[in-house]
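Asker: This is the structure I want to talk about, given as structure tokens.
The values are calculated or read from the model by the stated rules, or taken from the named source; none is laboratory data. Everything quoted here is computed from the prediction, not taken from an experiment. Ideal geometry is used to build each Cβ from the backbone, glycine not excepted, and the neighbour counts take in all protein chains shown.
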Amino acid sequence: MKFEDFNFKPKLANAIRQAGFREPSPVQKEAIPIVLDGKDIVAQAHTGTGKTAAFGLPILQMMECKGEVEALVIVPTRELATQVSDELFRFGKNLGVRTATVYGGSSYNRQISHISNAGIVVATPGRLLDLLKKRMIDINPSFVVLDEADEMLDMGFLDDIKEIFTYLPTSRQTLLFSATMPPQIKDLAREILYEPEFVTITKSETTNKDIKQIYFVVKESQRDEALMRLLDLKNPSKAIIFCRMKREVDRLSDFLQAQGYSARGLHGDMEQRERESVIKEFKRGKLELLVATDVAARGLDVTGVTHVFNYHIPFDSESYVHRIGRTGRAGKSGEAISIVTPEEFNALKKIQKDVGSSLESMVIPSSEDQMPEQKETLVNKIKNQAIKEEAVDVYEVLEAEYDSKDIALKAISLLFSELPSNEQIGLNRDEIDRLFDAYEEEKRDKKRSKGRGRGRNQNTKRRSNNSRRRNGHR
């Protein structure tokens, strides 16, 4: 199935192509037709499955673009609000649809001003309820989305959500997305949705089981050294190295070229002709390493990618899924390797929870540990090395002073001397175990504080939603 099969309006279809989307993910394939039919939906799907496009594209298709707020998306955190808003803007900008992001800690006046000019509002529950209760905004969205409903439950926002819906029109289309379905979320769905359709995407459909996912914890200053040693260890025939920033792509591709690797960068600021040239070289196997940003690699279809390296982990789980999906294709196995710092450890564990995959922690081996593989690599390199004319000249100079065996041993020793130092790179097993302990303790602390948060506002009065079900709710 292709996105063209949904028959989106031309400007929206063009935005989808520009974003590099070709084939819908399982949740998009299931949810989009239901939303386009005007039905309420409960979708159980993890972050990283393409949820934003699953609700955003059909909403943009149906919006009338009449200069007022037509869609409201409620999310648990300001980070997710920004991410969702950016993606919806990217899809809707050709249609003239503006988005407004609403969360605590930012100026009321600025947010109210943005809402007055927006077609879509993406908001966290606390600030949104505050604006509604103070009558600072008056919105009547035709579409309301609850994204990551179980996260909002865990953060103590359930009562706020219920109260928010007392301020919303009864005739609306409501879409609820949640990774899990605890009893409270099921009860909420019965209360705020009308005869919803149900879609369930299992964790096994999120990432390819043929992709081995591992990570290494290093100090920030060790990223380049870690990448070099891992490239020596894995010896990929064709790999993509992902960076967050365009300038990082340029710096890292130049660095790898200086180390003798066949590498080139790929990012959005490149001329189309240069971009096509890089992709063609990579597809044909003339490049070992492609250093790319997420946007540049979106939709990149290259066979034979053996490894994906995350030089930095992505900002969100969905990008992680897209990244590692470049390997392990057409029934072949692949390996996804992430380099993380202790400061990024919690973000990595969040990605692991979201995508439901098993990410294995490993320690970067020392040069001494790698010696057997390095010896084998050197043997193969020497066997496959064509003899150059300049080498004959050097040999003839040395032949006057040394015999053939000594010349060969000196040349091989020179190659060994150029191997990486034996310095330990990254955290050892004990240090990583301490990170795990700190992470688990932080989780327990958050759970205790969330438990206290869920007990607040229990006596808040709300209008009954039963009448809404009888009065034109679609």
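Asker: Output the residues belonging to the range 63-100 that are surrounded by 15 or more Cβ atoms within 10 Å (Cβ to Cβ), touching a residue at least 40 places away in the same chain (Cβ under 8 Å) and closer than 20 Å to ILE16 by Cβ.
Answerer: Across the range 63-100, the qualifying residues are MET63, GLU70, ALA71, VAL73, GLN83, VAL84, ARG90, PHE91, GLY92, ASN94, LEU95.
Asker: Same structure again: What are the residues in the range 33-47 that are touching a helix residue (DSSP H, G or I) at 6+ places or on another chain (Cβ under 7 Å) and either surrounded by fewer than 23 Cβ atoms within 10 Å (Cβ to Cβ) or without any contact (Cβ under 8 Å) to a residue 12 or more places away in the chain (or both), if any?
Answerer: LEU36 - this is the single residue of the range 33-47 that is touching a helix residue (DSSP H, G or I) at 6+ places or on another chain (Cβ under 7 Å) and either surrounded by fewer than 23 Cβ atoms within 10 Å (Cβ to Cβ) or without any contact (Cβ under 8 Å) to a residue 12 or more places away in the chain (or both).
Asker: Given the criteria of a type outside the set (Val, Ile, Thr), over 28 Å from VAL355 (Cα atoms) and touching an Asp or Glu at 6+ places or on another chain (Cβ under 8 Å), does PRO125 qualify?
Answerer: no
Asker: Residues that are closer than 19 Å to TYR215 by Cβ and not hydrophobic (A, V, I, L, M, F, W, C): find the helices (runs of 4 or more DSSP H) completely inside the range 268-327 holding 3 or more of those.
Answerer: Where helices (runs of 4 or more DSSP H) fall fully within the range 268-327 and carry at least 3 residues being closer than 19 Å to TYR215 by Cβ and not hydrophobic (A, V, I, L, M, F, W, C), they are 317-324.
Asker: Have a look at GLU68, GLU163, GLU151 and point out the one that is modelled with pLDDT under 90 and in the same structural domain as PHE8 (by TED's automatic domain parsing).
Answerer: GLU151
Asker: Now for a separate question. It is to be established whether one or more residues within the range 176-199 are in the same structural domain as ASN346 (by TED's automatic domain parsing), over 30 Å from LYS133 (Cβ atoms) and acidic (Asp, Glu).
Answerer: no
Asker: The conditions are (1) over 26 Å from VAL42 (Cβ atoms); (2) not in a loop (DSSP other than H, G, I, E, B), and ARG135 fails exactly one of them. Which is it?
Answerer: With respect to (1) over 26 Å from VAL42 (Cβ atoms); (2) not in a loop (DSSP other than H, G, I, E, B), ARG135 is out only on (2).
Asker: Let me ask you something else. Without any contact (Cβ under 8 Å) to a residue 60 or more places away in the chain and in contact with a Cys (Cβ under 8 Å, 6 or more places away or on another chain): does that describe GLY119?
Answerer: For GLY119, the condition - without any contact (Cβ under 8 Å) to a residue 60 or more places away in the chain and in contact with a Cys (Cβ under 8 Å, 6 or more places away or on another chain) - is met.
Asker: If you don't mind, another one. Given the structure, is VAL121 of a type outside the set (Ser, Thr, Tyr), modelled with pLDDT of 95 or more, crowded, with 20+ Cβ neighbours inside 10 Å and touching a Lys or Arg at 6+ places or on another chain (Cβ under 6 Å)?
Answerer: No, not satisfied.
Asker: Going through the range 42-65 one residue at a time, which ones are over 24 Å from the mean Cα position of the chain (by Cα) and modelled with pLDDT of 95 or more?
Answerer: Answer for the range 42-65, where residues must be over 24 Å from the mean Cα position of the chain (by Cα) and modelled with pLDDT of 95 or more: GLN61, MET62, MET63.
Asker: Let me ask another. Looking at GLU399, GLU390, GLU418 in this structure, which one is acidic (Asp, Glu) and modelled with pLDDT under 80?
Answerer: GLU418
Asker: Yes or no: ASP232 over 18 Å from the mean Cα position of the chain (by Cα), over 19 Å from MET362 (Cβ atoms) and not hydrophobic (A, V, I, L, M, F, W, C)?
Answerer: So ASP232 fails the test.
Asker: In addition: What is the one condition in (1) surrounded by fewer than 18 Cβ atoms within 10 Å (Cβ to Cβ); (2) at pLDDT 90 or above; (3) out of contact with any strand residue (DSSP E or B) (no Cβ under 6 Å at 6 or more places or on another chain); (4) over 27 Å from GLN424 (Cα atoms) that PHE198 does not satisfy?
Answerer: (3)
Asker: Checking ASP437 against (1) surrounded by 12 or more Cβ atoms within 10 Å (Cβ to Cβ); (2) assigned by TED's automatic domain parsing to the domain that holds LYS219; (3) modelled with pLDDT of 80 or more, only one condition comes out false. Which one?
Answerer: The failed condition is (1).
Asker: Of the residues LEU231, LEU175, only one is among the aliphatic types (A, V, I, L, M) and either in a loop (DSSP other than H, G, I, E, B) or modelled with pLDDT of 95 or more (or both); which?
Answerer: LEU175
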